[in-house]
1. As an exercise: evaluate Val37 against (1) in a helix (DSSP H, G or I); (2) touching a residue at least 24 places away in the same chain (Cβ under 8 Å); (3) not acidic (Asp, Glu) and give the number of the one condition it does not meet.
2. Restrict the check to the stretch 87-107 and report whether at least one residue is of a type in the set (Ser, Thr, Tyr), at pLDDT 95 or above and in a strand (DSSP E or B).
3. Restricting to the stretch 156-211, count the residues that are aromatic (Phe, Trp, Tyr), within 15 Å of Phe272 (Cβ to Cβ) and assigned to a loop (DSSP other than H, G, I, E, B).
4. For residues that are without any contact (Cβ under 8 Å) to a residue 24 or more places away in the chain and touching a Leu at 6+ places or on another chain (Cβ under 6 Å), tally how many sit in the stretch 182-196.
5. Need pairs with beta-carbon distance below 7 Å; first residue among the acidic types (Asp, Glu) and within the stretch 1-20, second modelled with pLDDT under 95; sequence gap 6+ or separate chains.
6. Could you list, in sequence order, all residues of the stretch 1-21 that are out of contact with any helix residue (DSSP H, G or I) (no Cβ under 7 Å at 6 or more places or on another chain), surrounded by 13 or more Cβ atoms within 10 Å (Cβ to Cβ) and part of a helix (DSSP H, G or I)?
7. For the stretch 40-54, give me the residue count where each residue is hydrophobic (A, V, I, L, M, F, W, C) and surrounded by fewer than 18 Cβ atoms within 10 Å (Cβ to Cβ).
8. Would you please list the contacts, defined by Cβ atoms under 7 Å and residues six or more apart or on different chains, that run from a residue in the stretch 227-245 that is polar (S, T, N, Q) to a residue that is surrounded by 11 or more Cβ atoms within 10 Å (Cβ to Cβ)?
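The values are calculated or read from the model by the stated rules, or taken from the named source; none is laboratory data. Note that the structure is predicted; figures quoted are calculated from it, not measured. Heads up, the Cβs are rebuilt from the backbone with ideal geometry, glycines too, and the neighbour counts pull from every protein chain shown.
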Amino acid sequence: MNYTFKPIQTDDNSIEEISNVLQGTFPNTKKFTKEFVRWQYADNPIGPMIGYNAYLGDQLAAHYALMPLKACIDGKEEKGLLSLNTATHPNHRGKGLFTTLAQKSYDLAIDEGYSFVVGVANAQSTPGFLKKLDFQLAGSLEAKLGLGKVAYKDANDTFIFERIWDEASLHWRLSNPELPYHVKKGRVSVRTDNLFIQAVLRDFGEKQFVPNKNHPLGFRPIRLWIGINHNIDWKKSFYFDIPSRFRPSPLNLIFKDLSSKNRKFKSSEVRFSALDFDAY
């Protein structure tokens, strides 16, 4: 089959086309409305989504998109990308389209000055990213349930890799048209589909002003925490690990350096929260 590969566009027709292919690929996921796709693909103050589409004639056969972000890497602010949405029409699976789209997307990212790609992959997709696309495994995300606040160690709160949230990007992130967030005293939380459980996406504390958002969570005293942060003292926090067999799929943080530095990170050098990707 002779496929045509084109960079992602974010005009109204393209937004509708992307919404349709994502809804068709993930029929049990309700969020991929045109409003959500426009918010995610076009409204990000750091920049629009980049990536590639594969067409067979006029049909969108496969899609791969990366979200621009800023991160502090070894004390320096850099622009990178979050590997986010992948979709392949059932009639076009097994033809290597994702790998082709990914390579074209990374070449485009380098041309546009992005220095890295970060992503969250499940157990099934992680080997493909590592073996076919030269990502490194930066660490496994912890998933915990508990009550109350988490306790922090007295160690210096610095990390080699951490996503940056400035006022503009945080305002955009919290304006998701499909999911209302609750923000109080710097803690970003959201309802989950599980009775009595809320997800704590990020606790900024007093270090960064985050405007309050009063979207009631209902009676959800149990808190879900997902991420990587070795500055948390779990022994002094009333939280416990969720066994892997009770999770939909263990999640892994993966990293690809687009510069010539061949940088790699240990899990202990990374802070990564549920706010930093699209879990909620």
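1. (2)
2. Looking through the stretch 87-107, none of the residues is of a type in the set (Ser, Thr, Tyr), at pLDDT 95 or above and in a strand (DSSP E or B).
3. 3
4. Qualifying residue count, the stretch 182-196: 0.
5. Glu17/Leu60
6. Ser14, Glu17, Asn20, Val21
7. Looking only at the stretch 40-54, we keep the residues that are hydrophobic (A, V, I, L, M, F, W, C), and these are 42, 46, 49-50, 54.
Pick out the ones that are also surrounded by fewer than 18 Cβ atoms within 10 Å (Cβ to Cβ) and you get 42, 46.
Final tally of qualifying residues: 2.
8. Correct list of pairs: Asn229/Arg271; Asn231/Tyr152; Asn231/Lys153; Asn231/Asp157; Ser237/Gly146; Ser237/Val150; Ser237/Ala151; Ser244/Pro250.
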